Amino acid sequence: MGKNQHVTPHPDGGWQVKGAGNSRATVRTETQKEAIDIARDIARNQESELFIHGENGRIRERDSHGHDPYPPKG
């Protein structure tokens, strides 16, 4: 399982895709949609989680591309 991918606002404007624990962005884009599309592809390839943050930095959406247990617990 690879690193979880985070789509966050870039400090200098636009959006960025960062792997969990990385200090530098993997990709910087103009729009959040572009960043989400790129991050989703990376998460699928690495079988990891995708976290989409809003403009305030808080997680607003989460998408799993890993090996989810089936049936889910609970």
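The values are calculated or read from the model by the stated rules, or taken from the named source; none is laboratory data. For clarity, every value in this text was computed on a predicted model and none was experimentally measured. For neighbour counting, all protein chains shown are included, and Cβ atoms are generated from backbone atoms with ideal geometry for every residue, glycine included.
Do you know which of the residues in segment 32-74 that are touching a Lys or Arg at 6+ places or on another chain (Cβ under 7 Å), outside any loop (DSSP other than H, G, I, E, B) and not charged (D, E, K, R) is modelled with the lowest pLDDT?
The residue in question is Gln46.
Please find, within segment 1-31, the residue that is surrounded by the most Cβ atoms within 10 Å (Cβ to Cβ) out of those that are modelled with pLDDT of 95 or more, in contact with a helix residue (DSSP H, G or I) (Cβ under 7 Å, 6 or more places away or on another chain) and not hydroxyl-bearing (Ser, Thr, Tyr).
Gln5
Within 9 Å of the chain's Cα centre (by Cα) and of a type outside the set (A, V, I, L, M, F, W, C) - does that describe any residue in segment 18-33?
Checked against the condition, which is being within 9 Å of the chain's Cα centre (by Cα) and of a type outside the set (A, V, I, L, M, F, W, C), segment 18-33 yields at least one hit.
Restricting the first residue to segment 8-32 and requiring it to be without any contact (Cβ under 8 Å) to a residue 40 or more places away in the chain, which pairs with a second residue that is of a type in the set (Asp, Glu) meet a Cβ separation below 8 Å and a spacing of at least six or different chains?
Pairs that qualify, where the first residue is without any contact (Cβ under 8 Å) to a residue 40 or more places away in the chain and the partner is of a type in the set (Asp, Glu), are Gly14/Glu30; Trp15/Glu30; Trp15/Glu34.
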